[in-house]
């Protein structure tokens, strides 16, 4: 009986995965295109079956199916990882999700994302990604940290600490570029609109250095002019005293 109930839930998740791809990828033109041509969706489908087997202690079969998933789609998801509903993996190639990772509903992962562990202990060692979060291409999230709801992780970032809900982080290591106001972002992640406070601070330091260099140059010119004036005055003044 549990087989039929589990199969019914898996089919429902499959349908939601297709709708998530249609909603999040403007290049998707039809449901059939998603079903046939989206490796990120295929990876989720195979993982849902593997996870179903993993929870019922069919460990070897689950791992083998996960291995086939990696070979077929280029996405490596451990069958023990918990993946929520309506998750969308865009392009997919190079995505790695570890055993104790948890990915909430409506999350978007771009190609090359790694949800990795930092411990060899058999404990919670992979990230937890909150509902609606977006993790940009090539981002690496390490350890049992939490990416808050609707948070944004910029492409290529390396996240080593938890990220607050609605915040945007960028950089290596990642730092907060923007704190959210508690409202769900309208767009997934527009890197061109993300201001980097560290880069802004460095730019300001560079500007101040240029100002100081210009000021120093003016002072040096004034000092040189004063020395020239003193030399001229010394040459022009009559000699005093008598020679013996």
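Quick look at the numbers
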item	result
Length gained when the stretch residue 61-residue 96 is fully extended (0.36 nm per residue, less Cα-Cα span)	10.7 nm
Taking the chain and dividing mean pair separation by its residue count, relative contact order in percent (alpha carbons under 8 Å, at least six apart)	9
Cα gyration tensor category, rounded, prolate or oblate, for the chain with a/c compared to 1.5	prolate
Degrees, to the nearest 10: 2-24 long Cα axis against longest axis of the chain	40
Rounded FRET efficiency, nearest 0.05, which uses the C-beta distance separating residue 122 from residue 10 and R0 of 22 Å	0.20
Between helix 39-55 and the chain: long-axis angle, C-alpha atoms, 0 to 90°, nearest 10	60
Tensor-based shape of region 1-94 (alpha-carbon gyration tensor, a/c under 1.5 rounded, otherwise prolate or oblate)	oblate
Choice from 204, 23, 12 with maximal GNM fluctuation in the chain (Cα, 10 Å cutoff)	204
Candidates 165, 27, 224: whichever shows maximal mean-square fluctuation once the chain is modelled as a Gaussian network with Cα springs under 10 Å	224
Choice from 63, 48, 226 showing the highest fluctuation, given a GNM over the chain with Cα pairs closer than 10 Å	226
Cα-based shape type of region 67-159, given that a ≥ b ≥ c are square roots of the gyration tensor eigenvalues and the cut on a/c is 1.5	rounded
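Coordinate-derived values only; no laboratory data. Just so we're clear, the structure is a prediction, and the values are computed from it rather than from any experiment. No Cβ is skipped: glycine too gets one built from the backbone with ideal geometry, and neighbour counts run over all protein chains shown.
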